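The values are calculated or read from the model by the stated rules, or taken from the named source; none is laboratory data. If you're wondering where the values come from, they're calculated on a predicted model, not measured in any experiment. Backbone-built Cβ (ideal geometry, glycine too); neighbour counts: all protein chains shown. Note: accessible area is taken over every heavy atom of the protein model, side chains too, but ligands, DNA and RNA are not part of it. Shrake-Rupley method; radii C 1.70, N 1.55, O 1.52, S 1.80 Å.
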Amino acid sequence: MKKIRRSRAKILLTGLFVIISGIILYFVASGDNALVKPRPVNTGQLTLHTSEFPKSFNYYVNNSADASQVFNLVYSTLLELDDYTLEYQPLIAESWSISPDRKGITVKINPAARWADGTAITAEDVKFTYDTIMNPENLTSVMRMYYGRLYPPEIIDEHTVKFTAKTAHYKNLEMVAGFNILPKHLFEGKNFNREFNMSLPGGSGPYELTEVKEGRYYVLTRKKNYWADQLPHMKGTYNFDRIKFRVMNPVVAFESFKKGEFDLYTEITAKRWVEDTGSEHFTKNWIVKQKIHNYAPRGFQGLALNMRRPLFQDLRVRRALAHLLNRKLILEKILFGQYQPLTSYWPSLYEKGEPSNPLIEYNPELAKELLREAGYDRLNQEGYLINGEGKPLEFTIAYVSEESEKFLTVFVEDCKKAGVKVNLERFSWATLIKKMDQYEFDAVTIAWSAALFPDPEQLWHSKHINEAGGSNLSAYQNPEVDRMIDSLPGIYDPQKRTEIIKTIDKLIYQDVPYLLFWEADYSRILYKNIFSRPKTVFSKYGSGIIKYWWIDPEKVERYEEAVKNRQALPGEPVEIYYDQLAAE
């Protein structure tokens, strides 16, 4: 279904209370945000599954998705991006202004903003957070690259801070708005790299990290007197009393989920979606199964080839390997036709039906020819290709997920037939992060999330190749790509930026720094039938449940009764199209 972007008249009412038969309903009506739900109530514990325990909850030193989720619930940002309108809303900052040259951003901190211990948030906290990130002794290189675009913030008064960017950049406001502020009085004088890995001091967000059993689980607890609950756009959000993340192998966790031990399951392989959802848990609607088609940005996944290794510095070798990845077979036989081949590093920039880049087809004969051109024209005693110096064509793939082994094994076998020796080595996520931080790998399977307003610099600019803990995993460098990335900061027109990034996409794609895998233009979710939620399931641009969903006591009672008596619950639609439901 083609995504159609509509402009809507903004409804100015942000909070309207109506009493019907003694029930108080709260309506949120701002742009496309059309939620109708009870007033905020604490609704018990949400139990979620994660397959890896974070190496640190401190997102500033561990830039992983699991750390980010916890960190953002504990430490609020200065501003918040509305999930429906993409307009900024006040949070820690009650107001902001931008200078005519677009370099200066002044924020006014809400005097009511408080840390968990009741201490007021001040400009000193903002300055301290910036200084902590920019301290070269801290393991904050990725964030340092990002916030290094700003000069140290200037404290105007206790509640006013001015940020000045070194250059005009379309990401400047986003960077300031999304700044997670730390409490100076709780972090100052401590080892930032070590003391906040398994515990986080109370912050300004709706939750606190209250319990951690390393390797087993961690718990977030909702604040009862959260200062930001009084903000109009925050009413009716973050309704779970507790959020417990249990660490479990995804295969075991799926069986536990069907037994009711988890409320939500998102590590959904194609096999699980197609073959493992036929039990009565699903046919009787105790568990809801849905695909959501909305505007959430889509990232990419693939095999990063480390061009710091001499083997991968030859484009012919990289392209040959791409021709040995039999995506058609993998998609049909292993992934049940649930995905399509990925042919872009920014798939969200292309409308449905709009071509991105030509698919690099599976072609073993062409691969062999490219390898011969690259000098691998003879075989050793084991039957693998070597070059004139006797160096074998051999490398190792580092990976985490057991689920990856099926398709990686297909690739290994196809490479073997072509004379390429590929080894597989599985690591824990924590160990693999350390290896990636130091670029100690030949090739690694990795997935990258996407931003609503993409900036190619972090992953693709050559100046970040040697930064420890950086994101340019493949050591990609192309002077023309660097030039175009350098041209982006002053372009505030999203459409113009999109056209430039599409050109960058084509150049990177031709250079084959990754063997791109596959993607789906929707999100999948399985959840216990105990929730009330927006009718669109997810927000317009999001894919999470913590902010807008809540456990409905009546549905809990119906669910328990249905399971006990082996009865069916009313069904829910499998396909959810945001545009259709938002238009109703």
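Mean projection of the alpha-carbon convex hull of the range 444-565 over all orientations, in nm²?
With the hull built on Cα positions only, its mean projection is 11.5 nm².
Just list whichever of 289/333; 103/127; 271/352; 352/434 have alpha carbons separated by over 27 Å in the model shown.
Pairs exceeding the cut-off: 352/434.
Please report how far the C-alpha centroid of the range 296-338 lies from that of the range 399-427, rounded to the nearest whole angstrom.
That distance is 11 Å.
For the range 340-495, with only Lys/Arg (+1) and Asp/Glu (-1) charged at the beta-carbon, what is the dipole magnitude about the Cα centre, in debye rounded to 20?
Approximately 380 debye in magnitude.
Tilt of helix 364-373 relative to the longest C-alpha principal axis of the chain, in degrees (0 to 90, nearest 10)?
Computed tilt is about 70 degrees.
How big is the charge dipole of the chain about its Cα centre, in debye rounded to the nearest 20, if each Lys and Arg gets +1 on its Cβ and each Asp and Glu gets -1 on its Cβ?
Numbers: 75 positive and 74 negative charges, 158 e Å.
I would put it at about 760 debye.
Using the Kirkwood formula over every pair of different C-alpha atoms, what hydrodynamic radius in Å results for the range 512-584?
This gives a value of 14.9 Å.
Would you mind checking the tilt of helix 553-565 against the longest principal axis of the Cα atoms of the chain, expressed as 0 to 90 degrees and rounded to 10?
Between helix and principal axis, roughly 60 degrees.
Per Stokes-Einstein, at 4 °C and 1.567 mPa s, what whole-number D in µm² s⁻¹ belongs to the range 299-446, with the Kirkwood radius over Cα pairs as the hydrodynamic radius?
Estimated via Stokes-Einstein, D reaches 79 µm²/s.
When the Cα atoms of the range 160-299 are enclosed in a convex hull and the volume is divided per residue, what value in Å³ results?
Given the Cα convex hull of the range 160-299, per-residue volume reads 220 Å³.
Rounded to the nearest angstrom and ordered from largest down, what semi-axes does the equivalent ellipsoid of the chain get from its C-alpha gyration tensor (root of 5λ)?
40, 31, 23
How many angstrom separate the Cα center of the range 519-569 from the Cα center of the range 430-505?
36 Å
Could you tell me what percent of the accessible area of the range 105-244 is made up of carbon and sulfur, with a 1.4 Å probe and every protein chain present?
Details: 2720 of 5730 Å².
So the carbon and sulfur contribution to the accessible surface is 48 percent.
What aspartates and glutamates does residue 244 reach when the alpha-carbon gap must be under 16 Å and sequence neighbours fewer than 8 apart in one chain are set aside?
Answer for residue 244, where 16 Å is the Cα cut-off: 52, 66, 208, 211, 214, 261, 263, listed by chain and number.
How tilted is helix 123-134 with respect to the longest principal axis of the chain? Cα atoms for both, answer in degrees (0 to 90, nearest 10).
Taking Cα atoms only, the helix is inclined about 10 degrees.
Once you charge only the Cβ atoms, +1 for Lys and Arg and -1 for Asp and Glu, what is the size of the charge dipole of the range 414-550 about its Cα centre, to the nearest 20 debye?
Dipole size: approximately 840 debye.
I need the chymotrypsin sites (Phe, Trp or Tyr not before Pro) found in the range 395-430, filtered to DSSP loop residues with at most 14 other beta carbons within 10 Å of theirs.
Taking the range 395-430 and a limit of 14 other Cβ atoms within 10 Å, no loop chymotrypsin sites (Phe, Trp or Tyr not before Pro) are found.
Which whole-number percent is the relative contact order of the chain (Cα, under 8 Å, 6+ apart)?
19 percent
Ordering 348, 523 by accessible area with a probe of 1.4 Å, largest first, what comes out?
348, 523
Grab the DSSP H runs of the chain that are 4 residues or longer, score each as -39,500 (n - 2.57), total them, divide by all residues and round the 222 nm result to the nearest 500 deg cm²/dmol.
Only helices count here, giving -7000 deg cm²/dmol.
On a 20 Å Cα-Cα criterion, which of the cross-link pairs 328/417; 258/406; 190/224 come out too long?
On the way: 328/417 18 Å; 258/406 24 Å; 190/224 28 Å.
Listed pairs above 20 Å: 258/406; 190/224.
If one computes the Cα centroid of the range 201-255 and of the range 138-172, what distance in Å separates the two points?
Between the Cα centre of the range 201-255 and that of the range 138-172, the gap is 29 Å.
Over the range 435-584, how many pairs of lysines fall under 16 Å by alpha carbon, counting only those 8 or more apart in sequence or from different chains?
Lysine pairs satisfying the spacing and distance rule in the range 435-584 number 6.
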